Amino acid sequence: MRILQSFARPAAVMLASVAILGLGACAGRNAGTRADTSYVARDVGTLYTAAKREIDRGNYKRSAVIFDEVERQHPYSVWARRAQLMSAFSYYMAQDYTKAIESARRFLSVHPGNKDAPYAYYLIAMSYYEQIEDITRDQKITQQALDALGELSRRYPNTNYAADARVKMDLVTDHLAGKDMEIGRFYQVRGQWLAATIRFRNVVENYQTTSHVPEALMRLTESYLALGLRDEAQKSAAVLGANYPGTEWYQRSYELMQKYPAPMATAAAPATGG
């Protein structure tokens, strides 16, 4: 079950449509009557028109195959470069994310400085992003999405793609923190307090801007108290109180600390005279 949805798919459709329409004038003069992809030598115009027709019909997987044919039949033409990117877009729209990533990376390996490189990086990031599963599943894809979004943001910080990437990075980061919280709570139920503290500390230290931090601090308080580390529990509760004083997590942490009061200092025995 995918829990994160793309906000940029309509933008991707628009960009792809613009790219194809730019080719329409020259392609229309050479349009063929068939869009089959068996190897028959065909001019670029025929292939592009066939690919555009399939996109208009919503047959994205078929359009991707035809764009691949452009690259195969005309590898040294300017159209081959454009076909690589359009192939990546078509595979993305067909939800064949593995092939979308492959096509976009192939484009970048051959044309790293091309003006459309930011869009290729965006397609890669979005292809990972669309595959994110709920926190009960393995989060390898989620980390790959975060890495790809981060690379796009670093390379092209002033683009619209990077702006969208930064929004999605916040969502992905919160998702990863949620996974650590789930595992930490699982360890708590099993009484594996040390393992639980490792997960909760990771949330506090590495996902500081996420919505999970208040609960992580409260869970740290619980775990430290269970381990007999009252001073560490007090530190977690103090951070929680300083930063999230109005939350239910602080209230629960405060109540926990009241149940485990600090030990009274033992008075030193008076010295005896000789």
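When you filter the trypsin sites (Lys or Arg not before Pro) in the stretch 82-134 for DSSP loop state and at most 15 other Cβ atoms inside 10 Å of their Cβ, you are left with K115. Could I have the simple spin-label model distance between D147 and A242, label points 7 Å from Cα toward Cβ, reported in nm to one decimal? Each label point lies 7 Å from its Cα, and together they span 3.5 nm.
In the structure shown, do any of K61/K115; K52/K140; K168/K235; K61/K179; K140/K259 have a Cα-Cα gap over 30 Å, and if so which? Intermediate results must be reported in sequence, preceding the final value.
Details: K61/K115 25 Å; K52/K140 35 Å; K168/K235 32 Å; K61/K179 33 Å; K140/K259 40 Å.
Correct reply: K52/K140; K168/K235; K61/K179; K140/K259.
Please list, by residue number, every one of the trypsin sites (Lys or Arg not before Pro) in the stretch 166-259 that is coil in DSSP and has at most 15 other beta-carbon atoms within 10 Å.
Values: sites: R166, K168, K179, R185, R190, R199, R201, R219, R230, K235, R252, K259; in loops: R190.
Qualifying residues, ordered by number: R190.
When both the stretch 73-116 and the stretch 198-230 are represented by their alpha-carbon centers, they are found 44 Å apart. Count neighbours as other Cβ atoms within 10 Å of each site's Cβ, and list the chymotrypsin sites (Phe, Trp or Tyr not before Pro) in the stretch 81-153 that are DSSP loop with at most 14 such neighbours. Answer by residue number: there is no such site.
Full extension from K115 to K61: what is 0.36 nm times the residue separation minus their Cα-Cα distance, to one decimal in nm?
On the way: separation 54, 0.36 × 54 = 19.44 nm, distance 2.52 nm.
Extra length from K115 to K61 when fully extended: 16.9 nm.
Once the C-beta distance of L229 and D170 is scaled by a Förster radius of 30 Å, the resulting FRET efficiency is 0.40 to the nearest 0.05. Stretching the chain fully between N160 and Q258 yields a gain of 30.2 nm (0.36 nm per residue, less the alpha carbon separation).
No value in this document is a laboratory result; all are computed from the given coordinates. Quick caveat, the model's predicted, so the values are computed rather than measured. Here the Cβ is made from the backbone with ideal geometry for all residues, glycine too, and neighbour counts use every protein chain on show.
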